[in-house]
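Take a look at the structure set out below.
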Amino acid sequence: MKNSFLYTEGQVIADSLKIRFYPIAVESAKGTRVIDQSGKEYLDLAAGWAVANIGYGHPRMSQAIKEKYDSLSFTSQLSAPEATMVSLGQKLMEITPGDFPKKVWFGHSGSDANDCIAKLVPLEKKRSKMISFMGSYHGQTMGSLSLSGHPAQAGFSGSGNVVKIPYPNPYRPPFGETDRLTDQVIGYLEQEVFTTICPPENTAGIIIEGIQSDGGLIVPPEDFLPRLEEVCRRNDIHLIFDEVKVGMGRTGKWFSFDHSGVIPDAVVLGKSLGGGLPISSVVARKEILDAGTGVHMFTMSGNPVCSSASLENLQIIEEERLIENARVNGEYFISLLKKLQEKYEWIGDVRGKGLAIGIELVEDRETKKPAAEKTAAICYRCYELGLLVFYVGIHSNVIEITPPLTIGKQEIDFAVTVIDQAFLDLNREKINMDLVREYGGW
């Protein structure tokens, strides 16, 4: 049945809407588990690209969604607002740092939220330029695509007002091996970019991921984000954090930038915000989001059902202490993966915060040549063994681990056992590479 369904799906659904790693056809999901159409159960370390932070099918979410739909299935908040969106906005302002006046914008996805930044920040500042980072992934719409620096968007021509600079990658330093990575990247920004193609007086904002997720789960040096904040404050440039994938408690704090103590001018949210329903948000300085009336709006933005789901989602995260769970179990997960690193030379680096973890595979540790095909093979073999993982990175060689924040230690033990077996099978040439090559992934 699965193969028949996948054939039909292949005939009906556009390839432009697909990134596939193996031939799974999903029937249902509950908690941390996904069940395919044949009834096989998988432990999910992807959470649907970091969407299912509270797991799948949470009963409180089901109840909240039904109750809201029964009482008010829809109103367009653009012209006939109701209370749920306002309550959600108040909650998001409460958990976002900064004692300056704020407002909240709502959309449907991380892409349209980053489009909000692409449009409104230059409009408010009356400055044309934006700065982002190589390897960044901010979305698929034209504004968010223009801000991105990921190979997935390299074939498209976005807006010409965005300048991209290197992300401070400790494992692959952009300027060569160094113990002064932050100094090098900040120096490049100030001494090269500001003095040539993007003067600070023409720069409206700098957008960054506190952990560069689709670029390879890259964690910058601890001093980098505070230094970047200093540069922005000194030059009156807005600092924007894209927290679409790593926010909402995944790193062991509400937001990845909370680990550094910086205070953004704008925070972009999506994916897990709705607990599985489509909703995104920007929480920002009032002047940014009030730069114009009706200049970035969508008919169903902040609709009652999605807003209700998001509010319940935030309450579940707090009441079930999922942020603390992400911190504690993330540390446990990373400790076990580092032991695997000692066992397999192909594991060049293990990194992350909380339950946003990356395993970078290389052909050898000296040259650090990316091992893209081996990475695809590990993901495929894990699928065969009952574990769902995807891979990311500009070289397609980083296994991404972003499970539901509800995951427990026994499940982590199982996951590491499966990953270990997958590496062992790869080493013994027991993985069918012809099957692996059928799926292009990124």
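The values are calculated or read from the model by the stated rules, or taken from the named source; none is laboratory data. Being a predicted model, the structure only gives us computed values, none of them experimental. Virtual Cβ from ideal backbone geometry, glycine too; neighbours counted across all protein chains shown.
General observations
- Flag for THR178 being free of Cβ contacts under 8 Å to residues at least 24 places away in the same chain and out of contact with any helix residue (DSSP H, G or I) (no Cβ under 9 Å at 6 or more places or on another chain): no
- Yes/no for LYS353 being of a type in the set (D, E, K, R) and under 21 Å from the mean Cα position of the chain (by Cα): yes
- Test for LEU269: is it closer than 28 Å to SER128 by Cβ, in contact with a helix residue (DSSP H, G or I) (Cβ under 6 Å, 6 or more places away or on another chain) and in contact (Cβ under 8 Å) with a residue 12 or more places away in the chain: no
Quick grid of which residues meet (1) at pLDDT 95 or above; (2) in a helix (DSSP H, G or I); (3) of a type in the set (D, E, K, R); (4) within 19 Å of GLY48 (Cβ to Cβ):
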site: GLN315; (1), (2), (3), (4): yes, yes, no, no
site: LEU337; (1), (2), (3), (4): yes, yes, no, no
site: GLU345; (1), (2), (3), (4): yes, no, yes, no
site: VAL350; (1), (2), (3), (4): yes, no, no, no
site: GLU373; (1), (2), (3), (4): yes, yes, yes, no
site: TYR380; (1), (2), (3), (4): yes, yes, no, yes
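- Residue match in the range 27-35 (condition: among the basic types (Lys, Arg), assigned by TED's automatic domain parsing to the domain that holds LEU355 and under 18 Å from the mean Cα position of the chain (by Cα)): no
- Failed condition for PRO81, given (1) surrounded by 22 or more Cβ atoms within 10 Å (Cβ to Cβ); (2) free of Cβ contacts under 8 Å to residues at least 12 places away in the same chain: (1)
- Per-region count, the range 297-338, residues of a type in the set (Lys, Arg), free of Cβ contacts under 8 Å to residues at least 40 places away in the same chain and over 25 Å from GLN63 (Cα atoms): 1
- Flag if VAL244 is over 21 Å from CYS116 (Cβ atoms) and at pLDDT 95 or above: no
- Residue that is nearest to THR32 (Cα to Cα) [pool: residues in the range 285-305 that are in contact with a Ser or Thr (Cβ under 9 Å, 6 or more places away or on another chain) and of a type in the set (A, V, I, L, M, F, W, C)]: VAL305
- Checked across the range 44-55, the condition of being assigned to a helix (DSSP H, G or I), in contact with a Ser or Thr (Cβ under 7 Å, 6 or more places away or on another chain) and not assigned by TED's automatic domain parsing to the domain that holds VAL282 holds for at least one residue.
- Among the candidates GLY210, GLY160, the residue that is buried (at least 20 other Cβ atoms within 10 Å of the Cβ) and without any contact (Cβ under 8 Å) to a residue 60 or more places away in the chain is uniquely GLY210.
- Unique residue being over 27 Å from GLU243 (Cβ atoms), surrounded by 12 or more Cβ atoms within 10 Å (Cβ to Cβ) and outside the structural domain of PRO278 (by TED's automatic domain parsing) when the list is LEU6, LEU72: LEU6
- Selection over the range 282-310 of residues that are assigned to a strand (DSSP E or B) and either modelled with pLDDT under 95 or touching a Cys at 6+ places or on another chain (Cβ under 9 Å) (or both) gives a count of 2.
- Among the residues of this structure, VAL231 does not count as one that is within 20 Å of THR141 (Cα to Cα) and at pLDDT 95 or above.
- Unique match (being buried (at least 20 other Cβ atoms within 10 Å of the Cβ), in the same structural domain as ILE211 (by TED's automatic domain parsing) and either modelled with pLDDT under 95 or charged (D, E, K, R) (or both)) among LYS91, LYS129: LYS129
- Applying the condition of being of a type in the set (Phe, Trp, Tyr) and more than 20 Å from GLY247 (Cα to Cα) to the range 333-361 and asking which residue is surrounded by the fewest Cβ atoms within 10 Å (Cβ to Cβ) yields TYR344.
- The range 404-421 residues that are within 9 Å of PHE333 (Cα to Cα), paired with ones that are modelled with pLDDT of 95 or more and of a type in the set (S, T, N, Q) (beta carbon under 8 Å, 6 or more apart): LYS409/ASN329; ILE412/ASN329
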